[in-house]
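Colleague: Take this structure first; my questions come after.
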Amino acid sequence: MKKDALGKNLKYERKNVWKEINDKEKKAIFDYAEEYKKFLDEGKTERESVECAVKLAKKQGYTEKISKEKDKLIFVNKGKAIALVYRGKKSITEGFRVVGAHVDSPRLDLKANPLYEDEDLALLKTHYYGGIKKYHWLNRPLAIHGVVCLKGGKTVKISIGEDQNDPVFLISDILPHLSYNVQNDKKITEAIPAEKLNIICGSIPVLKEEKEAVKLNILKILNEKYGIIEEDFMSAELELVPTYKARDVGFDRSLIAAYGHDDRICAYTAITALFALKSKPEYTSIAILFDKEEIGSEGNTGAQTRWLLEFIGDLIKLEGKEPNEYVTTKLFAKSSCLSGDVSAGINPDYKEVHERNNAPKIGYGITLVKFTGSRGKGGSNDANAEFVSSVRDTFNKNNVRWQVGELGKVDEGGGGTIAKFMSKYGIETIDCGTPVLGMHSPYELASKADLYETFKAYLAFFSEK
Ligand code: MN
Ligand code: MN
């Protein structure tokens with residue numbers, strides 16, 4: 001070994017993607033980002049993202065009509081989670097490859113009985129969903145997305161605030177002149193109480209009505225437009241999200257700011273990697289997008305549901321086999337999963353929360369995260385070294401730019417993903433996603449280079465023989 005080659009051969013060195021690529025690759029990165037931005041703007045909630053994924057999948061020949069003649073299948077779980085399946089050359093009983101991500105994002109949900117009037121303003125009570133910093137949500141334009149299930153079962157879809165001509169909604173913060181006592185000396189976590197996250201939604205009273213005349217006017221408008229009565233709010237899922245569209249950031253346009261990179265960036269790269277497969281993969285390949293990750297993967301649309309067993313069972317039956325517990329457990333043990341979720345890139349203003357050797361950098365490619373959790377790896381899937389090695393080899397062979405990462409310094413904080421729920425089935429699983437800045441803020445930041453490397457990584461994983 002030559003002396004100057006020693007370091008090159010022995011040392012691990014992560015590389016800035018932009019320094020490694022040629023003009024053709026740069027164009028591919030920028031073109032891909034344009035399509036991703038459309039996906040972000042079209043789907044701001046779990047339901048909308050699932051609808052988008054179905055639409056894109058159908059264009060690629062995927063179908064919801066499950067039959068043994070079809071190789072490209074769509075399974076939707078209650079409109080909030082989706083699995084796209086490309087059946088492989090090998091039997092499903094030989095195992096599958098899955099990239100799992102989630103399409104729910106932190107937001108404000110309306111309470112079950114949200115509408116009230118105070119000081120001649122109509123307001124809506126909210127209950128935040130997922131890990132938010134409450135001050136992020138004050139005085140910014142918000143849109144209402146979701147469904148209202150009316151008396152009798154009819155469902156009305158609602159999306160107000162995205163169109164330039166739509167009204168928007170907002171929470172009004174107190175002015176700095178008067179915040180001395182109510183905010184200024186308080187801890188940041190206590191300065192904005194959750195019960196003050198109330199949305200202003202109107203101010204015109206119904207004439208002649210004396211009590212709650214503004215509230216009544218809002219109900220009148222909702223009834224005329226959607227047929228809603230107040231009790232219908234109780235069977236509704238209405239979510240307040242930022243109205244912002246995904247935008248390029250920087251003089252060089254190398255970054256994208258958007259609501260919900262976490263985790264639509266891994267969701268989009270997972271499904272488009274599946275679409276990019278030129279022929280039948282060796283192993284059945286699955287992109288699965290869950291709901292409820294931000295609240296612990298709970299409920300029957302989150303990663304803890306048994307839905308995976310249901311559609312894997314369907315796939316076994318398509319081959320004329322019995323999906324009993326033994327067969328299913330066996331095939332899970334032969335399967336592997338990239339748990340696609342965003343990682344926390346080093347923020348130059350807060351370097352002190354990261355341990356630099358193990359923190360992902362923006363622009364350095366997809367992050368491989370062996371373990372997540374908090375404190376002593378509590379609540380973590382700690383990927384098996386053998387599996388990490390095989391993923392690493394796959395990435396290196398396919399010229400995927402990747403880096404290692406963990407979520408901040410030890411004992412600095414922590415968090416989890418769907419990884420531990422996937423690995424419970426016996427599936428080899430590792431967290432593997434795109435680094436972002438400002439995670440869980442209403443306008444997160446990601447690099448176009450890292451977006452594209454994530455796509456390449458998932459494609460390489462699906463393509464492996
Ligand atoms: Mn996430
Ligand atoms: Mn998250």
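The values are calculated or read from the model by the stated rules, or taken from the named source; none is laboratory data. What you are looking at is a predicted structure, and each value in this text was computed from that prediction instead of being measured. FYI the Cβ positions are ideal-geometry reconstructions off the backbone, even for glycines, and counts take in every protein chain you see. The area values use the complete protein model at the heavy-atom level, side chains included, leaving out ligands, DNA and RNA. Shrake-Rupley method; radii C 1.70, N 1.55, O 1.52, S 1.80 Å.
Colleague: State which residue pairs qualify: first residue within 15 Å of V99 (Cα to Cα) and inside the range 275-295, second residue of a type in the set (S, T, N, Q) and open to solvent by less than 10 Å² (accessible area, probe 1.4 Å) in any location, beta carbons under 6 Å apart, and separation of 6 or more residues or different chains.
Modeller: These pairs meet every condition: D291/T301.
Colleague: Among the residues of the range 87-135, which ones are among the polar types (S, T, N, Q) and either under 22 Å from the mean Cα position of the chain (by Cα) or within 16 Å of ligand 1 (Cβ to nearest atom) (or both)?
Modeller: S105, T126, listed by residue number.
Colleague: Just checking, which of N358, N381 is in contact with a strand residue (DSSP E or B) (Cβ under 8 Å, 6 or more places away or on another chain) and either open to solvent by 30 Å² or more (accessible area, probe 1.4 Å) or not assigned by TED's automatic domain parsing to the domain that holds D431 (or both)?
Modeller: Result of the check over N358, N381: N358.
Colleague: Let me ask something additional. Filter the helices (runs of 4 or more DSSP H) completely within the range 236-352 down to those with at least 1 residues that are within 30 Å of I21 (Cβ to Cβ), within 16 Å of ligand 1 (Cβ to nearest atom) and of a type in the set (S, T, Y).
Modeller: 261-275
Colleague: Related question: From the list N300, N217, which one is within 19 Å of N113 (Cα to Cα) and of a type outside the set (A, V, I, L, M)?
Modeller: On inspection, the qualifying residue turns out to be N217.
Colleague: Hey, another quick one. When you look at V391, is it closer than 28 Å to L451 by Cβ, at pLDDT 95 or above and part of a helix (DSSP H, G or I), yes or no?
Modeller: Criteria met by V391.
Colleague: Let me ask you something else. Only one residue in L459, L451, L445 is open to solvent by 30 Å² or more (accessible area, probe 1.4 Å), under 16 Å from the mean Cα position of the chain (by Cα) and modelled with pLDDT of 95 or more. Which one?
Modeller: Matching residue, one of L459, L451, L445: L445.
Colleague: For the range 303-324, name all the residues that are farther than 16 Å from L84 by Cα and either open to solvent by less than 10 Å² (accessible area, probe 1.4 Å) or in contact with a Gly (Cβ under 6 Å, 6 or more places away or on another chain) (or both).
Modeller: Result: P323, single match.
Colleague: Shifting gears a bit: Can you find even one residue in the range 7-19 that is modelled with pLDDT of 95 or more and among the acidic types (D, E)?
Modeller: No, that holds for no residue.
Colleague: Examine the range 231-251 for a residue that is assigned by TED's automatic domain parsing to the domain that holds R140, over 28 Å from the mean Cα position of the chain (by Cα) and among the charged types (D, E, K, R), and state whether such a residue exists.
Modeller: yes
Colleague: Quick check: anything in the range 405-416 modelled with pLDDT of 95 or more and either assigned to a strand (DSSP E or B) or within 16 Å of ligand 1 (Cβ to nearest atom) (or both)?
Modeller: No: zero hits.
Colleague: Does the range 11-31 contain at least one residue that is over 30 Å from L318 (Cα atoms), small (G, A, S) and part of a helix (DSSP H, G or I)?
Modeller: Yes.
Colleague: Tell me which residues, restricted to the range 335-355, are farther than 20 Å from L274 by Cβ and surrounded by 12 or more Cβ atoms within 10 Å (Cβ to Cβ).
Modeller: Passing the criteria: S343, A344, G345, I346, N347, V353, H354, E355.
Colleague: Being more than 21 Å from A57 (Cβ to Cβ), surrounded by 19 or more Cβ atoms within 10 Å (Cβ to Cβ) and in the same structural domain as S67 (by TED's automatic domain parsing) is true for just one of F290, F332. Which residue is that?
Modeller: Step by step, each of F290, F332 is checked, and only F332 is more than 21 Å from A57 (Cβ to Cβ), surrounded by 19 or more Cβ atoms within 10 Å (Cβ to Cβ) and in the same structural domain as S67 (by TED's automatic domain parsing).
Colleague: Here is a list of conditions, (1) modelled with pLDDT of 95 or more; (2) surrounded by fewer than 15 Cβ atoms within 10 Å (Cβ to Cβ), and T429 meets all of them except one; can you say which number that is?
Modeller: (2)
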